[in-house]
Amino acid sequence: MKNNHGVKGRILDKDGKPFECLVVVAKDAGRTEYEVMDSNIIKLADRITPVSLKKDYELDKSKTDENGFYKILYSPNQYKNFLNENPDIWVVIKDTLNVTELFITDK
């Protein structure tokens, strides 16, 4: 996967023991784009149009291995928003079923 961007890391508990099988998601959203897409006008338009206007901000996801490590790669093309900005990246840690958000990093 040449020329890909990504994030990698390790998730440990407070005693330094690794968490295995947690879902880790890389999300992007430029501040301006997010504010526009989260506006009441877009929310109303999204309800009445047959095709959703809201963007899925998930770049990709991974699961932690037995040592708590994860690595997420994504194409630089995914990392642009409609204002042609390089958006901020957040890492979201979810439970093993990919349902509950346990932690969200700073950008």
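The values are calculated or read from the model by the stated rules, or taken from the named source; none is laboratory data. Computed from a predicted structure; not experimentally measured. Reconstructed Cβ throughout: ideal geometry from the backbone, glycine too, with neighbour counts over all protein chains shown.
Please determine whether any residue of the stretch 77-96 is at pLDDT 70 or above and of a type in the set (Phe, Trp, Tyr).
Scanning the stretch 77-96 turns up at least one residue that is at pLDDT 70 or above and of a type in the set (Phe, Trp, Tyr).
Output the residue which, of all residues in the stretch 17-48 that are among the aliphatic types (A, V, I, L, M) and under 18 Å from Leu59 (Cβ atoms), is modelled with the lowest pLDDT. Walk me through it before giving the result.
Keep residues of the stretch 17-48 that are among the aliphatic types (A, V, I, L, M), which gives 22-26, 29, 36-37, 41-42, 44-45, 48.
Add one more test, that the residue is under 18 Å from Leu59 (Cβ atoms), and what stays is 22-26, 29, 37.
Values: Leu22: 97, Val23: 97, Val24: 96, Val25: 91, Ala26: 89, Ala29: 63, Met37: 60.
So the residue we want is Met37.
What pairs come out if I take residues in the stretch 14-31 that are over 17 Å from Glu101 (Cα atoms) and pair them with residues that are at pLDDT 95 or above and not aliphatic (A, V, I, L, M) whose C-beta lies under 9 Å away, six or more apart or interchain?
Qualifying pairs under 9 Å: Lys17/Gly68; Pro18/Arg10; Pro18/Thr64; Pro18/Asp65; Pro18/Glu66; Pro18/Asn67; Pro18/Gly68; Pro18/Phe69.
Any idea which of (1) part of a loop (DSSP other than H, G, I, E, B); (2) at pLDDT below 90; (3) more than 16 Å from the chain's Cα centre (by Cα) is the one Lys14 doesn't satisfy?
Lys14 satisfies all of (1) part of a loop (DSSP other than H, G, I, E, B); (2) at pLDDT below 90; (3) more than 16 Å from the chain's Cα centre (by Cα) except (2).
Of all residues in the stretch 88-101 being hydrophobic (A, V, I, L, M, F, W, C) and surrounded by 13 or more Cβ atoms within 10 Å (Cβ to Cβ), which is nearest to Lys63 (Cα to Cα)?
Just the residues of the stretch 88-101 that are hydrophobic (A, V, I, L, M, F, W, C), to begin with: 89-93, 97, 99.
Subsequent filtering for residues that are surrounded by 13 or more Cβ atoms within 10 Å (Cβ to Cβ) retains 89-93.
Numbers: Ile89: 18, Trp90: 16, Val91: 12, Val92: 12, Ile93: 9 Å.
For the stretch 88-101, the residue satisfying everything is Ile93.
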